[in-house]
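Q: One structure, pasted below without further comment.
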Amino acid sequence: MKTRNLVCIFFFLLLAGTSVSAFGQEVKEKTESEGKFDASSFILEHIADSHEWHIMTLQSGKNVSIYLPVILYSKEKGLDIFSSRKLADGNEYKGYKLEEEGDLQGKIVSVNTEGVADEKDLPIDFSMTKTVVGMLSAAIIGLLLFLSLSRSYKKSGISHPKGIQSFLEPVILFVRDDIAIPNIGVHKYEKFMPYLLSAFFFILINNLMGLIPFPPPFGANVTGNIAVTFVLATCTFLITQFSANRTYWRHIFAAPGVPFWLLPIMIPVEIIGLFSKPFALMIRLFANITAGHIIVLSLICLIFIFNSLSVAPVSIFFVIFMDFLELLVAFLQAYIFTLLSSLFIGMAIPENH
Amino acid sequence: MTGTMAAVGAGLAVIGAGLGIGRIGGSAMDAIARQPEAYSKIQIAMIIAAALIEGAALFAIVVALIAK
């Protein structure tokens, strides 16, 4: 087909699209008004964690979702495991209710027999929420990849790579040669390679899975959840502290060359620096991934805000462009997290100057 | 009011990030022009520095989101 014909068809479709309005599906019962499309609550719902995996809302208003198990432990009632379908639509089950509005929105509270929610003692929530299922799926994918890799090494020895080896081996060598050895040193890097490789591939696989919207184990916003990145940063923090040697602590509490009257200022500053580095790791990963998801969702919401089909080609084009950028950010953030972790570990086991 | 101020704050943070990453890109271009065979090393360093600056800008975005 000639390019000129294609361009003509494209503009004709654009023109035709202005006369057709797009039907936006309201996601939950929150937006009762028929007219306005509430973009911010739509976006925040897709970013946030939830007890059920929402797939679609039919035209009749019914939700089609996968109801994930809810696991609760409260001091009075003990352990309770049930499907979150029992708590859907604000129902109450076995004395538990999912809060819809207010301060405790999204959390499960225990209600006593009159129906009054107990806001002080929330039950401990071990549920398998969307994020947990996404994390476990990423772990299973990682295990499959690396166990098959090690099996193929056992069978054929260190020979020329074939199959999945040829994809994973350069990445693993990259982590070793460009991240671990320059920062930790050629003698001590081996102890920390398992952690660095795990962190790198965990973050990478979860970032990539968050970009694919469908089918269900993909599309869970794992690394965009600040609790997950908090745990990753805590792992780095604990590893640096527990492998630090005496020179490191001496640098914090009595940095060489500092006059003693400056120490009351230097010591708090150094201690704040000790905590701010993993904190920055946490915020950087969380904000990058969440910001990417919010941008893609907002661009798609543009179609429904303008309520016309002609916005769709422009919007989809921008979404594709942002998805490429997100792909780059997924790899880059995994690399930066691992690089900075190895840098902190390397600083904690300093060789002699 | 806090919603508007949060949006203004986020916009200011992006100005800082844009300036910073722009300067890094400019220096990287100069360096590549001087020595084209060092292209890949310079590119890696540029991307790392850009990601770190972006981390700082996203601090501000997170604070803006919390403040809203």
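Q: So what is the relative contact order of the stretch A:69-125, in percent, for Cα pairs below 8 Å that sit 6 or more residues apart?
A: With pairs under 8 Å counted, the relative contact order is 28 percent.
Q: Determine which lysines satisfy two conditions relative to A:K77: a Cα distance under 28 Å, and not lying fewer than 8 residues away in the same chain.
A: A:K86, A:K94, A:K97, A:K107, A:K120, A:K130
Q: So, one more: FRET efficiency for A:F318 and A:F167, Cβ-Cβ distance as r, R0 = 45 Å, nearest 0.05?
A: The computed FRET efficiency comes out at 0.90.
Q: With a point put 7 Å past each Cα toward its Cβ, work out how far A:R250 is from A:K36 in nm, to one decimal.
A: Each label point lies 7 Å from its Cα, and together they span 6.5 nm.
Q: Label the stretch A:69-125 by shape, choosing from rounded, prolate and oblate, from the square roots a ≥ b ≥ c of the eigenvalues of the Cα gyration tensor; if a/c is under 1.5 it is rounded, and otherwise prolate applies when a/b is larger than b/c, oblate when it is not.
A: It comes out rounded by the Cα gyration axes.
Q: Quote the convex hull volume per residue of chain B, based on C-alpha atoms, as a whole number of Å³. It would help to have the intermediate numbers written out before the result.
A: Working: hull volume 3.3 nm³, N = 68.
Enclosed volume per residue, from the Cα hull, is 49 Å³.
Q: Ranked by Cβ crowding within 10 angstrom, fewest neighbours first, how are A:Y195, A:Y73 ordered?
A: Ascending number of Cβ neighbours within 10 Å: A:Y73, A:Y195.
Q: Give the order of A:W53, A:W249, A:W261 when sorted by the count of other beta carbons within 10 angstrom, beginning with the fewest.
A: A:W261, A:W249, A:W53
Q: Next question, about the same structure. Assign unit charges at the C-beta atoms only (+1 for Lys and Arg, -1 for Asp and Glu), then state the dipole size of the protein assembly as shown relative to its Cα centre in Debye, rounded to the nearest 20.
A: Numbers: 30 positive and 32 negative charges, 297 e Å.
Around 1420 debye, computed over the protein assembly as shown.
Q: In addition: Using Cα pairs closer than 8 Å and at least 6 residues apart in sequence, work out the relative contact order for chain A, in percent.
A: Value for chain A: 21 percent.
Q: Rounded, prolate or oblate: which fits the stretch A:130-348, taking a ≥ b ≥ c as square roots of the Cα gyration tensor eigenvalues, rounded meaning a/c under 1.5, else prolate when a/b beats b/c?
A: Cα axes put the stretch A:130-348 in the oblate bin.
Q: Taking the stretch A:122-164, which trypsin sites (Lys or Arg not before Pro) meet the DSSP loop condition and have no more than 13 other C-beta atoms within 10 Å?
A: A:K162
Q: With springs only between Cα atoms under 10 Å apart, run a GNM on chain A and tell me which of A:A330, A:A220, A:A88 wobbles the most.
A: Residue with maximal mean-square fluctuation among A:A330, A:A220, A:A88: A:A88.
Q: Given charges of +1 on the Cβ of Lys and Arg and -1 on the Cβ of Asp and Glu, with all other atoms neutral, how large is the dipole of the stretch A:69-125 about its Cα centre, in debye to the nearest 20?
A: Taking the Cα centre of the stretch A:69-125 as origin, the dipole is about 340 debye.
Q: For the charge dipole of the protein assembly as shown, defined by +1 on Lys and Arg C-beta atoms and -1 on Asp and Glu C-beta atoms about the Cα centroid, which residue among A:L327, A:A287, A:Q105 has the Cα displaced farthest towards the positive pole?
A: Result: A:L327, furthest along the dipole toward the positive end.
Q: Summing Lys, Arg as +1 and Asp, Glu as -1, what charge do residues with Cβ under 13 Å from the Cβ of A:A233 carry, A:A233 excluded?
A: Net of charged neighbours comes to +2.
Q: Sticking with this structure for a sec: How much net charge surrounds A:P123 when only the other residues with a Cβ under 14 Å from the Cβ of A:P123 are counted, with Lys and Arg +1 and Asp and Glu -1? Let's see the in-between values first.
A: Values: positive: A:K75, A:K77, A:K94, A:K97, A:K107, A:K120; negative: A:E76, A:D80, A:E92, A:E99, A:D118, A:E119, A:D121, A:D125.
Net local charge, A:P123 excluded: -2.
Q: So, one more: Would you mind ranking A:V111, A:V133, A:V269 by Cβ crowding within 10 Å, fewest neighbours first?
A: Working: A:V111 15, A:V133 18, A:V269 12.
Going from least to most buried by this count: A:V269, A:V111, A:V133.
Q: So how tilted is helix B:2-34 from the main axis of chain B? Cα-based, degrees 0 to 90, rounded to 10.
A: 0
Q: What is the sum of charges around A:L297, taking Lys and Arg as +1, Asp and Glu as -1, for the other residues whose C-beta is under 15 Å from the C-beta of A:L297? Let's see the in-between values first.
A: Values: positive: none; negative: A:D38, A:E45, A:D323, A:E326.
So the surrounding residues net to -4.
Q: Counting only complete DSSP H runs, which helices of chain A cover 30 Å or more along their long axis at the Cα atoms and score a mean Kyte-Doolittle of 1.6 or above?
A: Counting only whole DSSP H runs, the qualifying helices are A:263-306, A:311-348.
Q: What do you get for Rg/Rh over the stretch A:85-206 if you use C-alpha atoms and the Kirkwood form of Rh?
A: We get a ratio of 1.25 for the stretch A:85-206.
Q: Suppose each label sits 7 Å from its Cα in the direction of the beta carbon; what would the A:T57-A:I212 distance come out to in nanometres?
A: 2.7
Q: Here's another thing I want to ask about it. Testing the spin-label approximation: label points 7 Å from Cα along Cα→Cβ at A:Q105 and A:D121. State their distance in nm.
A: A separation of 2.8 nm, rounded to one decimal place.
Q: Could you grab the relative contact order for chain B? Cα pairs under 8 Å, six or more apart, rounded to a whole percent.
A: Numbers: 38 pairs, mean separation 39.8, N = 68.
The value is 59 percent.
Q: Tell me, what is the FRET efficiency for A:F260 and A:L343 to the nearest 0.05, using R0 = 41 angstrom and their Cβ-Cβ distance as r?
A: About 0.90, to the nearest 0.05.
Q: Also, quick follow-up: Under a straight-distance cross-link criterion of Cα-Cα below 29 Å, which lysines are reachable from A:K191, leaving out those fewer than 8 residues away in the same chain?
A: By straight Cα distance, A:K191 reaches A:K154, A:K155, A:K162, A:K277, B:K41.
Q: Show me, bin by bin at 10 Å from 0, the whole-percent P(r) of the protein assembly as shown based on Cα pairs.
A: 4, 15, 24, 26, 19, 9, 3, 0
Q: Let me ask another. Quick one: grab Rg to one decimal and Dmax as a whole number for the stretch A:240-306, Cα atoms only, in Å.
A: Final numbers for Rg and Dmax: 21.1, 65 Å.
Q: Here's another thing I want to ask about it. Once the dipole of chain A is set up with Lys and Arg at +1 and Asp and Glu at -1 on Cβ about the Cα centre, which of A:S298, A:P350, A:I205 lies farthest towards its positive end?
A: A:P350
Q: For the stretch A:130-348, with the dipole built from +1 on Lys and Arg beta-carbon atoms and -1 on Asp and Glu ones, taken about the Cα centre, which of A:M266, A:T234, A:G157 lies farthest toward the positive end?
A: The listed residue farthest towards the positive side: A:G157.
Each reported figure results from applying straightforward, stated rules to the coordinates on display, with no laboratory input. Nothing here was measured: the structure is a model prediction, and the numbers come from that model. A quick note on method: Cβ atoms are made from the backbone with ideal geometry, for glycine too, and the neighbour counts reach across all protein chains shown.
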